[in-house]
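K.L.:
Can you keep this structure in mind? I'll have questions shortly.
Read the figures in this text as sums done on the coordinates, not as results from a lab. Since this is a predicted model, take the numbers as computed values, not measurements. Cβ: placed from backbone, ideal geometry, glycine included. Neighbour counts: every protein chain shown.
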Amino acid sequence: MSATEALWQFAIVAALLTITPGMDSALVLHAAIRHGRGPAFAAGAGICLGALVWGIAAALGLSALFAVSALAFTVLKVVGAAYLVFLGARMLWSAFRPGHAADATAAIAAPGIRAAATKGLLTTLLNPKVAVFYVAVLPAFLPADVPAALFGAALASIHAVESAVWFTVLILGAQALRRWMARESTQRGIDVVTGLAFVGFGAALAFTEQ
């Protein structure tokens with residue numbers, strides 16, 4: 001396989017993974033609907049950075065530790081699951097706590113750019129499935145005659161760029177429906193659905209086998 005063939009073939013695989021519904025898309029969409037473009041793009045940037053980190057780590061062989069070490073995988077899995085359940089629980093609490101209607105508008109500006117980016121980054125870094133994906137898939141797209149670390153970073157960058165494009169589509173789509181989504185009943189429903197989704201993602205991650 002030539003380097004060019006490896007790049008475009010990986011781009012197809014990564015694109016299919018990117019548009020598959022999951023917690024990354026849910027996090028970005030929730031941020032776009034509840035808080036606006038800034039925090040949503042920041043969350044997306046954090047997710048892309050996390051994927052880039054895992055991709056480079058896989059190319060260097062570091063993330064292979066989580067594929068072969070039961071202890072390392074379990075620790076990351078438990079921490080990641082707890083973090084996702086925590087995020088989901090916060091969204092559910094936001095939906096059902098007294099005064100939700102009164103602070104629905106104020107909540108739009110609640111999270112800062114840095115906080116949103118950190119949330120996106122941690123969501124990706126604490127997910128061992130991302131590490132295992134790169135460990136399992138990346139070697140198949142590394143030609144023998146190229147520097148593994150450099151080419152692995154290039155592949156991870158492709159995934160990050162495709163994710164950024166997909167997140168942009170989600171954010172702009174959410175902004176187009178901003179007026180309808182700004183209603184208090186809609187905001188409450190968004191928090192409930194996204195919160196339950198994150199709790200579900202966390203529970204599924206907790207029971208994931210290595």
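K.L.:
Once the other residues with Cβ under 15 Å from the Cβ of Ala115 are scored (Lys, Arg +1; Asp, Glu -1), what is the net sum?
P.N.:
+4
K.L.:
Relative to a virtual label point 7 Å from the Cα of Ala140 in the Cα→beta-carbon direction, which members of segment 1-33 show backbone nitrogen distances below 20 Å?
P.N.:
1-21
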